[in-house]
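Novice: If you scroll down you'll find the structure; I have some questions about it.
The values are calculated or read from the model by the stated rules, or taken from the named source; none is laboratory data. Predicted model only: the values in this text are computed from it and were never measured. Glycine also receives a Cβ, built like all others from the backbone with ideal geometry; neighbour counts cover every protein chain displayed. Keep in mind that these areas ignore ligands, DNA and RNA; they rest on the heavy atoms of the full protein, side chains included. Shrake-Rupley method; radii C 1.70, N 1.55, O 1.52, S 1.80 Å.
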Amino acid sequence: MRISILFSLLLLPFIGITLRSQTTQTIPQWQQLMQKPSSTFYEIQKAFNEYEPTHTHEKGDGCKAFRRWENFWESRLLPDGSFPTGKELWNAVVTKREQKRLAEIQKKKIKQKGSKLQTPLANFTLIGPSTVIPTNGGAGRLNSMTFDPQNTNILWVGSPGGGLWKSTNGGASWAVSGSDQLSTLGISAIAIDPTNSSIMYIGTGDRDATDTYGVGLLMSTDGGTTWNSTSLNWSLTNLRTLNVIRINPSNTQVIIASSNIGIHKSTDGGATWTQPLSGVNVKDIELAPNNPNTMYATSYNYSGNTAIYRSTDGGTTWSSVFSNASVNRIAIAVTPHSPNTCFALCSSASGSGYYALYRSTDAGTTWVSRSTTPNVLSNASAGTGTTGQGWYDLALAVNPNDSNDVFVGGVNIWRSTNAGTNWTIKAYWQTGTSVPYAHADQHELIYKPGTTELYACNDGGIFRTSNAGTSWTDLSNGLQIMQFYKISQSITNTGMLIGGAQDNGSNLVNGGWTQVYGGDGMDNAIDQANPSYVYASSQNGNLVRSTNGGTSFSGISPASNGAWVTPMMLDPNNPANIFAAYTSVYRSNNRGTNWTTIGSGFLSGNATFLKIASSNSNYIAVGNSSTLYRTTNGGTNWTNIKGTLPSSISNVAFHPTNPDIIWATISGWTSGSKVYKTTNGGTSWTNESGTLPNVPTNTIIVENSAASGVYLGNDIGVYYKNNTLSDWVLYDDGLPNVSVRDLEI
C-alpha cells in the first residue's frame, strides 16, 4: 500500500501634496471589509457577490485571489461564524505535541517488550516538486525575504503556507529552518538583529491574501532553529496578521512591527509591547537610512482613506503626512543614496490598478506625483487596462546607489530611470515573449545590501536580476512550498501523479515534474486502466482532458461556474465514466465528450465533494457544507442523508467493500465534532471524533484491508484509526504541521 498526501505546503489632500487630477474613486466595500479585522466572513462575501456582477473582469484584477480566500475560510469559521484567532490553532498544536510525546513513549515500551506496533509508522517522504517546474511553473508563493546583516550570502524567505526557508549560498539551495512544527506555516515578515544574527523575529499569517492563520510575532535566539511566542500574540478575538518587522540599527532592543490593527513598538527586544497607532491596517514600514528614528508607515484605513504616517521619535508617536481616498494600498521605499527621499507606490481604489507613484525629497513632509500611466500594476506587457491586483500584490524598491532608479512590482515588474516619470517593463508573467520572464504577482522587491542585485518574491518563488532587469534567474529550486488542492495517482504506474496547485497550475510527475495545465490547479484524475487519459481542472470547474498522458489538453466542462474547487471523479469500476458536480451532478460515459444530468434541484449551491463507492458504482454521495445526498441507483433517485450531521461537512468516504458505511469529516471549530460514521447508508450517524484536536478536518480515506484503516487529514496533519484502536492516533512521521487537503491510497 502506498499513501500519497497533499498539503498546502491570498482622502483629502494636505498642503504641499500634488494629487492626481481625477474624480475621487471609492474602494470596493469587499476590499475595505477584508482589511478590517472585526469584519465577518459573511459581510465580506456578501459585499463581493454584490460587486462582482457589476465589474468588468480583466485578467489579474484580484477577483481570483478573493475566491481563493473565500474557499479557505468558508469552512474554517468558529461556531458563531466569526474568524478563528491564532489561539485556537496554537492550542491544537500544543495538544498535538503532547500526543506525539506520549506516542513516542508508548512505541518505546512496545519495542522493549518485543510486541508489534498496533499502528504503522507513517514515514512520509517528499515526492516533490523540489525543483522549479519548466514552462511558467513555480515553486510556490513567497511573501517576504531578508538577508543576514552579517553575511549577505545567507537569505531567508517566508511563505504564506510553506513556512520559513534559509539559503546559505545566495539562493543556490534551500533548507527549511525551524518552522515545520510551528502552529502556522504562514510567514509574512522576517527580521534579524543586525548585531547578532542568532536573534530573529518572524511575523505570522498571510499579509497579502489573509488566507492562512496568524499567531502573532515569534522569536528565535538560536538563529531560527527553534521559535517561541512573544507577548505580541493573538490570544484575543478576530483574524490577525503581522505584516512587517523593523529593528532599529542604533538600538536593537527597539522593534517596530505592523499588523492589521496598527503599529506595535517594543523597547526591550520584544518582551513587552505598546501600540502607538491603532485602528488601521499597516502594510508597510521603512526606516530612514540616515536616521532610524524617522520612520514611514503606510496604512489602509478601514473607512477607505489610505494614508502615509511618519514618526520622528523612533515610532513613539505617528502623524499623517499623506492621505487620499482614491488610493487603495501603498508600498513605500527609501534609498541610502538620498536619505531624505522616499517613494510611495499607490494602487487605485477603483480596480486596484496603478494610481500614481509619489516622491518626497524632504523626508515625507511633501509629496509630488511622478506619473499615473501606464498601468504598471496590470497583467498586460504594455501596461494597458484599468485594473490590477494592487490590494494583493504591491512591491517597490529604489536603487541604493541611484535615487532615480525605481522598480515596481504588481503582476509584472517595471523600471523607471527618472524617478518614476517613465516606465519600461522588465519582467513579464508569461514565457516566450521579448520581455524577460519572472513568475506573476510580486510581493516583495529588495536589494541585496551593498550591491545592485535585485530580488523579487512572487507567487512562483524568488527571482534575481544582476543587470537591472535585462534578465532574471529563478532561485526557487529546493523550496518545497507548493500549495496543492487535490492530487491523483495512477494505479498502473504508481510513479505517475498529478496535483492541482494554488497559483501554479496542474503539475504531473512521471519521472520528472511538468506543468501540464495552467490557472489555479484544482481536482484531477488519472485513468486507472489507461494512464494516457489524464484529467485536470482550474478554478470554478473548468475541466480538461488529455489523451496523451498530459502532453496536451482539451476542454470537456459540462457546466460553468462551479465551486472554486469543483469535484470530479472517475468511476472506480469503469474509467470511461466520469462524474462532475456543480449545482447539478453530471455523468459522461465517454470520458467527457458528452454529458447527461443525473441529479439537479436538490443541492443548495455548488457541490464541494463527490464520491463514488468502489464496491458499487451506483452508490454516489455528493454535497457541500450544508447538504449531503446519496443515490443507490446511479442517479435516478437521490436521498438526503445529512440527518444529524453538523452543517459544516467537508468531505465523505465510502467503505471499500460496503457502500452503506460512509465516513463524513467536519470542518470548523466545534470541539468533539470532527468525523462521523454511518453503517446504514445515512439513516443514522455516530460521532467518531474521539480525542481528535479541535481544528478543521478536511479529508478522509479508508483502506481495503482486514483492519479497515482510516486516514484523516486536518489543518495540522494526519491521524489514523482502525478496528483494533479505540481512538485516533497521530500518523505524521516526517510530516510538517501542514494543512492536509487531500489523501490518496
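Novice: Condition test on residue 697, is it within 30 Å of residue 554 (Cα to Cα) and β-branched (Val, Ile, Thr)?
Specialist: no
Novice: Are any residues in segment 572-601 assigned to a strand (DSSP E or B), farther than 18 Å from residue 530 by Cβ and of a type in the set (S, T, N, Q), and if so, which ones?
Specialist: 596, 597 - these are the residues of segment 572-601 that are assigned to a strand (DSSP E or B), farther than 18 Å from residue 530 by Cβ and of a type in the set (S, T, N, Q).
Novice: Which condition does residue 113 not pass, out of (1) more than 30 Å from residue 430 (Cβ to Cβ); (2) open to solvent by 50 Å² or more (accessible area, probe 1.4 Å); (3) at pLDDT 90 or above, if it passes all the others?
Specialist: Of (1) more than 30 Å from residue 430 (Cβ to Cβ); (2) open to solvent by 50 Å² or more (accessible area, probe 1.4 Å); (3) at pLDDT 90 or above, only one is false for residue 113: (3).
Novice: Could you please give the count of residues in segment 713-726 that are outside any strand (DSSP E or B) and surrounded by 22 or more Cβ atoms within 10 Å (Cβ to Cβ)? Please lay out each step first, then the result.
Specialist: Residues of segment 713-726 that are outside any strand (DSSP E or B), as a first pass: 715-716, 722-726.
If we keep only those that are surrounded by 22 or more Cβ atoms within 10 Å (Cβ to Cβ) too, we end up with 715-716.
Number of matching residues: 2.
Novice: Same structure again: Exactly one of (1) under 21 Å from residue 745 (Cβ atoms); (2) modelled with pLDDT under 95; (3) in contact with a Ser or Thr (Cβ under 7 Å, 6 or more places away or on another chain) is unmet by residue 531. Its number?
Specialist: (2)
Novice: Name the residue, out of 551, 492, 514, that is farther than 23 Å from residue 741 by Cα and either in contact with a Pro (Cβ under 9 Å, 6 or more places away or on another chain) or buried (at least 24 other Cβ atoms within 10 Å of the Cβ) (or both).
Specialist: Of the residues listed, the single one that is farther than 23 Å from residue 741 by Cα and either in contact with a Pro (Cβ under 9 Å, 6 or more places away or on another chain) or buried (at least 24 other Cβ atoms within 10 Å of the Cβ) (or both) is 492.
Novice: Does residue 631 satisfy the criteria of being β-branched (Val, Ile, Thr) and open to solvent by 20 Å² or more (accessible area, probe 1.4 Å)? Give the steps one after another, and end with the answer.
Specialist: Numbers: β-branched (Val, Ile, Thr): yes; open to solvent by 20 Å² or more (accessible area, probe 1.4 Å): no.
Here the answer is no, as residue 631 does not meet what is asked.
Novice: When segment 609-632 is examined, which residues are found to be polar (S, T, N, Q) and part of a strand (DSSP E or B)?
Specialist: First pass over segment 609-632, keeping only residues polar (S, T, N, Q): 614-618, 624-627, 631-632.
The answer is 624, 627, 631.
Novice: Mind telling me which of the residues 729, 702, 710 ends up being at pLDDT 90 or above and open to solvent by less than 10 Å² (accessible area, probe 1.4 Å)?
Specialist: Testing whether each residue is at pLDDT 90 or above and open to solvent by less than 10 Å² (accessible area, probe 1.4 Å) leaves just 710.
Novice: Taking segment 601-616 as the region of interest, how many residues are of a type in the set (Ser, Thr, Tyr) and out of contact with any strand residue (DSSP E or B) (no Cβ under 6 Å at 6 or more places or on another chain)? Please lay out each step first, then the result.
Specialist: So in segment 601-616, the residues of a type in the set (Ser, Thr, Tyr) come out as 604, 608, 614-615.
Checking the rest, the ones that are also out of contact with any strand residue (DSSP E or B) (no Cβ under 6 Å at 6 or more places or on another chain) come to 614-615.
Matching residues across segment 601-616 total 2.
Novice: Answer yes or no as to whether residue 643 is under 19 Å from residue 609 (Cα atoms), of a type in the set (Gly, Ala, Ser) and crowded, with 23+ Cβ neighbours inside 10 Å.
Specialist: Numbers: under 19 Å from residue 609 (Cα atoms): yes; of a type in the set (Gly, Ala, Ser): yes; crowded, with 23+ Cβ neighbours inside 10 Å: no.
In short, no.
Novice: Next up: Restricting to segment 606-628, name every residue that is open to solvent by less than 40 Å² (accessible area, probe 1.4 Å) and either within 31 Å of the chain's Cα centre (by Cα) or among the basic types (Lys, Arg) (or both).
Specialist: 607, 609, 610, 612, 621, 622, 623, 624, 627, 628
Novice: Can you find a residue in segment 445-460 that is at positive phi, open to solvent by less than 20 Å² (accessible area, probe 1.4 Å) and not aliphatic (A, V, I, L, M)? Quick ask: steps written out before the conclusion?
Specialist: Keep residues of segment 445-460 that are at positive phi, which gives 450.
Now drop any that are not open to solvent by less than 20 Å² (accessible area, probe 1.4 Å), which leaves none.
No; the residues of segment 445-460 include none that is at positive phi, open to solvent by less than 20 Å² (accessible area, probe 1.4 Å) and not aliphatic (A, V, I, L, M).
Novice: Something else about it: Could you run through segment 652-666 and say how many residues are more than 9 Å from residue 613 (Cα to Cα), open to solvent by 10 Å² or more (accessible area, probe 1.4 Å) and assigned to a strand (DSSP E or B)? I'd like the intermediate steps shown before the answer.
Specialist: Start the filter on segment 652-666 by keeping residues that are more than 9 Å from residue 613 (Cα to Cα), which leaves 652, 660-666.
Then drop every residue that is not open to solvent by 10 Å² or more (accessible area, probe 1.4 Å), which leaves 660-661, 663.
From what is left, the residues that are assigned to a strand (DSSP E or B) are 663.
Total meeting the criteria: 1.
Novice: Which residues, taken from segment 213-232, are under 14 Å from residue 272 (Cβ atoms), open to solvent by less than 50 Å² (accessible area, probe 1.4 Å) and part of a loop (DSSP other than H, G, I, E, B)?
Specialist: Passing the criteria: 216, 230, 232.
Novice: Search segment 127-147 for residues being touching a Lys or Arg at 6+ places or on another chain (Cβ under 9 Å) and not in a loop (DSSP other than H, G, I, E, B), and hand back the single one that is surrounded by the most Cβ atoms within 10 Å (Cβ to Cβ).
Specialist: Here the answer is 144.
Novice: Looking only at residues in segment 163-212 that are surrounded by fewer than 21 Cβ atoms within 10 Å (Cβ to Cβ) and among the acidic types (Asp, Glu), which one is nearest to residue 70 (Cα to Cα)?
Specialist: Ranking the qualifying residues of segment 163-212, first place goes to 180.
Novice: Would you tally the residues in segment 168-200 being in a strand (DSSP E or B), under 19 Å from residue 443 (Cα atoms) and more than 16 Å from the chain's Cα centre (by Cα)? If you could, list the steps in order and put the result at the bottom.
Specialist: Going residue by residue through segment 168-200, those that are in a strand (DSSP E or B) are 175-176, 187-192, 200.
Filter once more, so that each one left must be under 19 Å from residue 443 (Cα atoms): 187-191.
Those still in the list that are more than 16 Å from the chain's Cα centre (by Cα) too: 190-191.
Going through segment 168-200 one residue at a time, the tally reaches 2.
Novice: Keeping to segment 388-414, report how many residues are open to solvent by 10 Å² or more (accessible area, probe 1.4 Å) and either of a type in the set (Gly, Ala, Ser) or farther than 19 Å from residue 444 by Cβ (or both).
Specialist: Matching residues across segment 388-414 total 4.
Novice: Can I ask one more? Tell me, yes or no, whether segment 667-683 has at least one residue that is open to solvent by 20 Å² or more (accessible area, probe 1.4 Å), in contact with a strand residue (DSSP E or B) (Cβ under 6 Å, 6 or more places away or on another chain) and not in a loop (DSSP other than H, G, I, E, B). Before the answer, list the steps.
Specialist: So the first thing to find is which residues in segment 667-683 are open to solvent by 20 Å² or more (accessible area, probe 1.4 Å), and the list is 670-672, 676-677, 679-680, 683.
Restricting the remaining residues to those that are in contact with a strand residue (DSSP E or B) (Cβ under 6 Å, 6 or more places away or on another chain) gives 676-677.
Those left that are additionally not in a loop (DSSP other than H, G, I, E, B): 676-677.
Within segment 667-683, one or more residues are open to solvent by 20 Å² or more (accessible area, probe 1.4 Å), in contact with a strand residue (DSSP E or B) (Cβ under 6 Å, 6 or more places away or on another chain) and not in a loop (DSSP other than H, G, I, E, B).
Novice: Kindly evaluate residue 440 against the criterion of being hydrophobic (A, V, I, L, M, F, W, C), open to solvent by 10 Å² or more (accessible area, probe 1.4 Å) and touching an Asp or Glu at 6+ places or on another chain (Cβ under 8 Å). Don't jump to the end; show me each part of the working.
Specialist: On the way: hydrophobic (A, V, I, L, M, F, W, C): yes; open to solvent by 10 Å² or more (accessible area, probe 1.4 Å): yes; touching an Asp or Glu at 6+ places or on another chain (Cβ under 8 Å): yes.
Spelling it out, residue 440 is indeed hydrophobic (A, V, I, L, M, F, W, C), open to solvent by 10 Å² or more (accessible area, probe 1.4 Å) and touching an Asp or Glu at 6+ places or on another chain (Cβ under 8 Å).
Novice: Given the conditions (1) in contact with a helix residue (DSSP H, G or I) (Cβ under 8 Å, 6 or more places away or on another chain); (2) under 26 Å from residue 170 (Cα atoms); (3) of a type outside the set (A, V, I, L, M), report the number of the one that residue 483 does not fulfil.
Specialist: (1)
Novice: Let me ask you something else. Within segment 257-275, track down each residue that is touching a His at 6+ places or on another chain (Cβ under 8 Å), open to solvent by 10 Å² or more (accessible area, probe 1.4 Å) and not β-branched (Val, Ile, Thr).
Specialist: Selection gives 273, 275.
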